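Working notes, structure below.
The values are calculated or read from the model by the stated rules, or taken from the named source; none is laboratory data. This structure is a prediction, so every number in the text was calculated from the model and none was measured. Glycine also receives a Cβ, built like all others from the backbone with ideal geometry; neighbour counts cover every protein chain displayed.
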Amino acid sequence: MATRIITDSTGDLPLSYAQEHDLLILPFPVSIGGHEYQVGPDPTTPNNIDVAEFYRRIAEGERGSTSQVSLETYLDVFKRELDTGVDVLYLAFGSGLSGTVNSARLAAEELAPSYPGQKIRVVDTLSASVGEGMVVTEAVKKFESGVTDVDELAAYTESIRLKVHHWFTINDLHYLAKGGRLSGSAAFAGSLLNIKPILDVSVEGKLVPREKVQGRKKSIKALADKFFSLCTDIQNTPVYIGHSGCAEDAQILVRLIEERSGRKVDLFEMITPVITSHTGIGTVALFFMTDTPRNP
């Protein structure tokens, strides 16, 4: 039976990719200025907010917040696809950062008795932003290579998800403090000293500070160093770079990777407002695959 792959907009994949590969991307809710919007790659999505507009408002001092995709949304989307006669593979935003995967699982359980000849498989990608996007694109590659069985695709996705590394640096320590990952006093002192944290996503899909570097340029170089020290196949791994409103800084990372490796970066994208609500403007992130497992 044919399989339809579905994911959500937190994977930061462009609309052109979704259209080319028949990928369904669900918009994710984000709130700013007391209003809830839908964030997705398709600007025609009802109540959609433009990423650049969101970043402008954050820069002017407004705070963003996020919520989960509703159970009702999953029920509607899954049912619509099942009614076409396909199986469904949903690749979800990592559970270490959002509980939305649980709503997807509840929807799958509720619908299963009505579709006894079909399957819904929900996979927790344990990933975020373009790292989640990388898990999705690898699953799509597998599907397009001829592996169309939903159980095989789900098993494959689960086998690669922890091979996708997420390394990033943020420009404003106060966002870590607001998220409970750094004390307010440490954020204040670090800001005075121009300390920039290096973080990654753990095996549980959680954001974890790993190192401290003094200065923006050094923090970006540290991301490139992570790639060359951890990657087991520099020439062939997919390499994605994301940023939240700091394209020039992210391009520094692109040059460091490309000049040292002699290869091109595969994807360069803006990070979704869903992630930026927690990390702030000025995030530069690097994503790649390797056989070396993620940190605990």
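Among the residues of region 227-256 satisfying the criterion of being under 20 Å from the mean Cα position of the chain (by Cα) and among the polar types (S, T, N, Q), which is nearest to ALA128 (Cα to Cα)?
Going through the qualifying residues, I end up with SER244.
Mind listing whichever residues of region 246-296 are without any contact (Cβ under 8 Å) to a residue 24 or more places away in the chain, closer than 11 Å to ILE220 by Cα and among the aliphatic types (A, V, I, L, M)?
Scanning region 246-296 gives a single hit, VAL254.
Looking at (1) in a helix (DSSP H, G or I); (2) touching a helix residue (DSSP H, G or I) at 6+ places or on another chain (Cβ under 7 Å); (3) buried (at least 21 other Cβ atoms within 10 Å of the Cβ), which one does ALA250 not meet, given that it meets all the others?
(2)
All but one of (1) assigned to a strand (DSSP E or B); (2) surrounded by 22 or more Cβ atoms within 10 Å (Cβ to Cβ) hold for GLY94; state the number of the condition that does not hold.
Failing condition for GLY94: (1).
May I ask you to say which residue of VAL147, VAL130 is closer than 30 Å to HIS243 by Cβ and not assigned by TED's automatic domain parsing to the domain that holds LYS221?
VAL130
What are the residues in region 253-285 that are over 24 Å from PHE93 (Cα atoms) and surrounded by fewer than 16 Cβ atoms within 10 Å (Cβ to Cβ), if any? First the steps, then the outcome.
Step one: of region 253-285, the residues over 24 Å from PHE93 (Cα atoms) are 253-264.
Correct list: ARG255, GLU258, GLU259, ARG260, GLY262, ARG263, LYS264.
Residues to consider are VAL123, VAL130, VAL101, VAL136; find the one that is in contact with a strand residue (DSSP E or B) (Cβ under 6 Å, 6 or more places away or on another chain) and in a strand (DSSP E or B).
Going through VAL123, VAL130, VAL101, VAL136 in turn, the sole match is VAL123.
Before we move on, is VAL147 of a type outside the set (Asp, Glu), surrounded by fewer than 16 Cβ atoms within 10 Å (Cβ to Cβ), at pLDDT below 95 and not in a helix (DSSP H, G or I)?
Taking the combined requirement at face value, the residue does not satisfy it.
Hey, among GLU36, GLU62, GLU81, which residue is in the same structural domain as ASP149 (by TED's automatic domain parsing), in contact with a strand residue (DSSP E or B) (Cβ under 9 Å, 6 or more places away or on another chain), charged (D, E, K, R) and surrounded by 16 or more Cβ atoms within 10 Å (Cβ to Cβ)?
GLU81
Consider PHE54 carefully, then state whether it is among the aromatic types (Phe, Trp, Tyr) and in contact with a Pro (Cβ under 9 Å, 6 or more places away or on another chain).
yes
Suppose we keep only residues that are of a type in the set (D, E, K, R) and within 15 Å of LEU267 (Cβ to Cβ) within region 1-33. Which one would you say is surrounded by the most Cβ atoms within 10 Å (Cβ to Cβ)?
It comes out as ASP12.
Out of THR73, THR84, I need the residue that is in contact (Cβ under 8 Å) with a residue 12 or more places away in the chain and in a loop (DSSP other than H, G, I, E, B). Which one? Working first, answer last.
Working: THR73 fails: in a loop (DSSP other than H, G, I, E, B).
After ruling out the rest, the residue left standing is THR84.
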